[in-house]
Amino acid sequence: MRSALLLVKIGWRNLWRNPRGTLLTALALGLGLALLLISLGLLDGGHEQTIADGVRLGPGHVVIQAKGYQDSGSDELLLPAQVVSRIEGFLQTAEMKKLVRGVSPRLLATGLLSSSANSAGVRIMGVIPQDEPAVSFIPQRIVEGTYLSDDRPSGVVIGAELARELEVKIGSRVVLMTQALRQPGVETKKGAGEEMQSTLLRVSGIFRTGLQAVDANIIQLPLPAAQTLLGVPDGQVTQVALLLQQEGDSPMVARALLKQLTGEPVEVLTWRESIPMLAQILGLDHAFNYIMNGVILAMVGLGILNTILMRVLERRYEFGVSKALGLRPGQLAVMVIGESLALTAISLALGLALGLSVEHYFATSGLDLRWIFKADLPSALVLDPILYSRLSSNRIIWSVSIVFAMTTVISFYPALKAARTELPDALKGL
Amino acid sequence: MVPAEWAVELKDVLKTYQTGPIDVPALRGVSLQIAAGEFAAVAGPSGSGKTTLLNIIGGLDRADAGEVRVAGQNLQLLSSSELAHLRLQRIGFVFQTYNLLPVLTALENAEFTLLLQGVPARKRRERVEKLFSEIGLAGLEDRRPAELSGGQQQRVAVARAMVTEPALILADEPTANLDSATAIALLDVMEHLNRVTGTTFIFSTHDPQVMERAHRLIRLRDGQIASDETRERQEARVTARGDAG
């Protein structure tokens with residue numbers, strides 16, 4: 001134990017025989033760790049933002065819809081009114097209230113929106129005006145006019161691209177034409193059938209999300225108006241979308257709902273199941289980032305290996321003397337590993353200080369992507385041009401452990417080299 | 001009188017180094033016995049085999065053939081780790097170029113081998129300080145090698161070799177890098193320690209001044225012992241030659 005302490009002391013002091021070299025090496029390794037922390041923070045922050053945007057443009061963190069809707073996409077598959085009531089009742093429990101931020105029942109269909117100038121195919125979303133803002137991104141992105149309200153039952157909000165195509169503005173009248181929904185075994189509202197239905201609406205708001213597909217296709221109108229137009233009885237909707245406080249709770253909430261709705265013809269999906277493409281894109285991005293980080297670490301690792309190896313080779317004679325005095329090969333190896341670990345400790349301190357400072361800046365002030373992309377911001381990828389870093393303590397522990405393990409493993413080779421110092425050849429060095 | 005056990009005993013030791021395709025014989029059948037407490041010098045020109053002989057006695061190198069016994073142990077039969085243990089416990093080394101660890105202070109260098117032996121801190125400090133005051137290093141304990149003169153560094157190296165109270169100290173040209181006055185002072189220290197502690201000293205040299213101080217002088221030439229005389233015999237021979245003249 002005493003001799004181990006001496007070896008660590010020798011290792012530590014050896015580091016400062018060449019302070020500039022030691023600091024440069026520590027800075028290189030520290031920079032590697034800092035880059036890892038910054039990139040993971042931005043990656044996780046970006047993913048968190050993408051998921052938040054994705055679910056708010058889509059069906060929320062968790063969605064309940066009629067069984068088979070996800071695969072078929074058939075608008076005729078609706079949730080029965082009593083199921084919607086059960087869902088709403090369950091979500092009012094104290095346990096669920098803590099987890100759920102917003103609930104929005106929606107009726108979905110396709111139709112044709114016409115103005116005096118033009119017509120365009122649209123995706124109709126019948127929503128409850130006071131519920132939708134808690135779940136959807138669209139009410140926050142109104143750039144002209146106002147969002148829907150109960151006192152304007154014939155109001156409609158449309159995307160900026162669609163408004164441009166139809167050449168309409170706030171207050172313009174538009175006609176929405178669609179076919180009434182037919183449900184097997186369910187009687188439709190009086191007057192509704194297979195024939196086309198149409199209704200006159202007034203543009204109350206124009207939104208811009210930055211996503212072409214949304215801005216050119218989606219329209220939102222009050223749920224009662226949509227139900228009347230589509231001939232759907234009160235209480236029936238296509239889906240109930242939930243936005244949760246924490247994305248990580250999605251599987252748990254989905255399981256609880258599924259249990260609650262056992263026996264009902266419904267499917268309860270997390271966003272990973274309802275928007276599988278988003279999950280796949282994020283998975284791919286993760287994999288790519290891990291590879292990039294691996295490359296950065298490998299390059300830094302090779303630099304460290306080179307430095308430690310050079311330090312060992314330079315001191316071959318010194319190792320020879322120590323061995324001649326009775327130091328065993330294992331003790332020589334411990335001395336070199338101790339030196340590497342001391343170097344690693346300095347590097348980790350530098351890396352953490354640098355990495356966490358930059359990460360903190362990006363977490364609070366954000367990284368403005370407009371500065372990088374100038375005018376060509378890829379709006380299809382990011383809805384918010386300011387990217388905020390999110391770095392969990394698990395990520396920090398993981399990163400530090402990876403760097404620590406890497407340098408420890410790397411130091412084995414130079415340590416082995418030192419342990420294998422051959423006598424008396426090593427003493428012929430001077 | 002023949003000692004019951006020799007401190008060092010070599011029988012027909014052969015050692016050949018290979019330089020590329022050429023075999024270079026370093027020792028050609030060296031046989032030698034050194035008693036405990038001797039203060040012996042191995043002399044000879046460069047390439048005569050002095051360092052090889054010391055390396056083989058110290059277990060730093062192995063003989064190709066023959067028998068090497070140190071403190072009764074046949075070194076040819078010991079493993080590398082047993083040799084390391086023997087070096088740590090029984091043999092002290094003083095090298096030509098001091099070879100102190102640059103990052104340790106004089107005191108830490110001197111106690112290095114004690115630490116490896118697991119001697120407690122207080123005992124280590126006591127032993128090193130006693131030795132330092134005996135050999136004129138008192139007050140230099142906290143200096144690093146770079147802050148010491150060559151003579152002081154070599155005395156620290158002697159202290160490092162002596163502090164474990166080994167049975168044998170091997171010194172390879174210990175005065176080669178020192179001026180005459182410092183070399184004489186170092187020899188005084190070594191001789192004093194030899195006299196007081198009874199530790200066996202074997203040192204190599206090609207310096208006549210050092211040879212004169214040895215109690216026994218073994219001359220090597222081309223890997224063989226050319227002569228092996230005690231100081232008394234040398235003096236008697238010189239006297240006889242003077243009388244004859």
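Read the figures in this text as sums done on the coordinates, not as results from a lab. Keep in mind it's a predicted model, so treat the numbers as computed, not measured. As a convention, Cβ positions derive from the backbone with ideal geometry for all residues, glycine included, and neighbour counts pool all protein chains shown.
Below is a table of values for the structure above.
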| read-out | value |
| --- | --- |
| For the stretch B:40-115, the spread of Cα positions along each principal axis, largest first, Å | 41, 32, 20 |
| For A:317-323, mean number of other protein chain Cβ atoms within 10 Å | 4 |
| The stretch A:259-377: mean projected area of Cα convex hull, nm² | 15.6 nm² |
| For the stretch A:1-120, the fraction of alpha-carbon pairs in successive 10 Å shells from zero, as % | 9, 18, 19, 14, 10, 11, 10, 7, 1, 0 |
| GNM flexibility winner over chain B from B:Ile22, B:Ile218, B:Ile169 (Cα, springs under 10 Å) | B:Ile22 |
| Over the stretch B:191-245, equivalent-ellipsoid semi-axes from the Cα gyration tensor in Å | 22, 17, 10 |
| Residue of B:Leu32, B:Leu77, B:Leu14 that the Gaussian network model of chain B assigns the largest fluctuation, springs spanning Cα pairs under 10 Å | B:Leu77 |
| Diffusion coefficient, µm² s⁻¹, Stokes-Einstein with Kirkwood Rh over alpha-carbon pairs of the stretch B:1-147 at 37 °C and 0.692 mPa s | 186 µm²/s |
| Residue range of chain A that is longest and free of GluC sites (Glu not before Pro) which are both DSSP loop and sparsely packed (at most 15 other C-beta within 10 Å) | A:196-421 |
| Computed helical MRE - 222 nm, the protein assembly as shown, DSSP H runs ≥ 4 contributing -39500 (n - 2.57), nearest 500 | -15500 deg cm²/dmol |
| P(r) of the stretch A:233-325 over all Cα-Cα pairs, binned every 10 Å from zero, in whole percent | 12, 22, 17, 12, 11, 10, 9, 5, 2, 0 |
| The stretch A:53-206: radius of gyration over Cα atoms, expressed as a fraction of 2.2 N^0.38 Å | 1.12 |
| Above-threshold pairs, the threshold being 18 Å between Cα atoms, out of A:Lys417/B:Lys15; A:Lys323/A:Lys428; A:Lys323/B:Lys50; A:Lys323/B:Lys123; B:Lys15/B:Lys50 | A:Lys417/B:Lys15; A:Lys323/B:Lys50; A:Lys323/B:Lys123 |
| The stretch A:50-152: trypsin sites (Lys or Arg not before Pro) in DSSP loop, at most 14 other beta carbons within 10 Å | A:Lys67 |
| Ellipsoid semi-axes in whole angstrom, largest first, where each is sqrt(5λ) of the Cα gyration tensor of the protein assembly as shown | 93, 22, 20 |
| Stokes-Einstein D (µm²/s) once Rh is taken as the Kirkwood radius of the stretch A:208-269 over alpha-carbon pairs, at 37 °C in 0.692 mPa s | 223 µm²/s |
| q = 0.09, 0.16 Å⁻¹: log10 I(q)/I(0) that the Debye formula gives for the stretch B:115-245, counting C-alpha atoms only | -0.33, -0.89 |
| Quotient of C-alpha Rg and 2.2 N^0.38 Å, computed over chain B | 1.03 |
| Hits among lysines - C-alpha to C-alpha of A:Lys67 under 21 Å, sequence gap 8 or more where chains match | A:Lys259 |
| Range of Cα positions in the stretch B:1-87 per principal axis (Å), largest first | 44, 31, 19 |
| Percentage, to the nearest whole number, of Cα pairs in the stretch A:130-287 over 29 Å apart | 33 percent |
